[in-house]
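J.: Pasting a structure below so you can have a look.
The values are calculated or read from the model by the stated rules, or taken from the named source; none is laboratory data. Please read these numbers as outputs of a predicted model, since none were measured by experiment. With ideal geometry, Cβ positions are generated from the backbone for all residues, glycine too; neighbour counts draw on all protein chains shown.
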Amino acid sequence: MDDTDSAILTHLQRDARLTNRELARKVGIAPSTCLERVRALRARGVITGYHAAVQPRLLGRSLQALVFAKLRPLSREVIHDFEGYLTQLPEVVSVFVVSGDDDFLVHVAVPDIEHLHAFLMDRFSARREVVTFRSSVIYRQTTARVLTPIEPH
């Protein structure tokens, strides 16, 4: 990963709709070179896809929350199955398998507090591997949209 690759990634993370020609101009390289570098970044798995950022509130999801869950018995199979279950639920935005007191951190987006309560009671507590869970409502979210390589010290 060199400075040119980092610049390409920075611009694509800010606006993945840039044409190759626009991207090349912003980075200061030839369009053919830019295309080769973007293809190489995809081939190496650095770029994993492109997406549209959306406003949950405008999709009828005015309430977001983080749900922390502890599972038992704790095994790879239980974790894998629960993770697969969660990713199929329309309310779920992101799933994190974590260390510490909890085993999962789940970001959900729902229309209102009643939907959050129903989600927790009907979807979370319905799973017998969930021994405890708790939720925290998100008041505001700020996202760092651009990741760049971190140089080792």
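J.: Which of the residues belonging to the stretch 13-39 are in a helix (DSSP H, G or I) and either at pLDDT below 95 or in contact with a strand residue (DSSP E or B) (Cβ under 7 Å, 6 or more places away or on another chain) (or both)?
T.: Answer for the stretch 13-39, where residues must be in a helix (DSSP H, G or I) and either at pLDDT below 95 or in contact with a strand residue (DSSP E or B) (Cβ under 7 Å, 6 or more places away or on another chain) (or both): Q13, R14.
J.: Then there's this: Scan (1) touching a helix residue (DSSP H, G or I) at 6+ places or on another chain (Cβ under 7 Å); (2) not in a helix (DSSP H, G or I) for the single condition V54 breaks and write down its number.
T.: Tallying (1) touching a helix residue (DSSP H, G or I) at 6+ places or on another chain (Cβ under 7 Å); (2) not in a helix (DSSP H, G or I), V54 fails exactly one: (1).
J.: Moving on. Restricting to the stretch 122-143, what's the tally of residues that are outside any loop (DSSP other than H, G, I, E, B) and either exposed (fewer than 10 other Cβ atoms within 10 Å of the Cβ) or of a type outside the set (V, I, T) (or both)?
T.: Matching residues across the stretch 122-143 total 7.
J.: Now, a different point. Looking at (1) more than 26 Å from E151 (Cβ to Cβ); (2) in contact (Cβ under 8 Å) with a residue 24 or more places away in the chain; (3) assigned to a loop (DSSP other than H, G, I, E, B); (4) of a type outside the set (V, I, T), which is the one condition that is false for L105?
T.: (3)
J.: Suppose we filter V146, V93 for residues that are assigned to a strand (DSSP E or B) and among the hydrophobic types (A, V, I, L, M, F, W, C); which single one remains?
T.: Step by step, each of V146, V93 is checked, and only V93 is assigned to a strand (DSSP E or B) and among the hydrophobic types (A, V, I, L, M, F, W, C).
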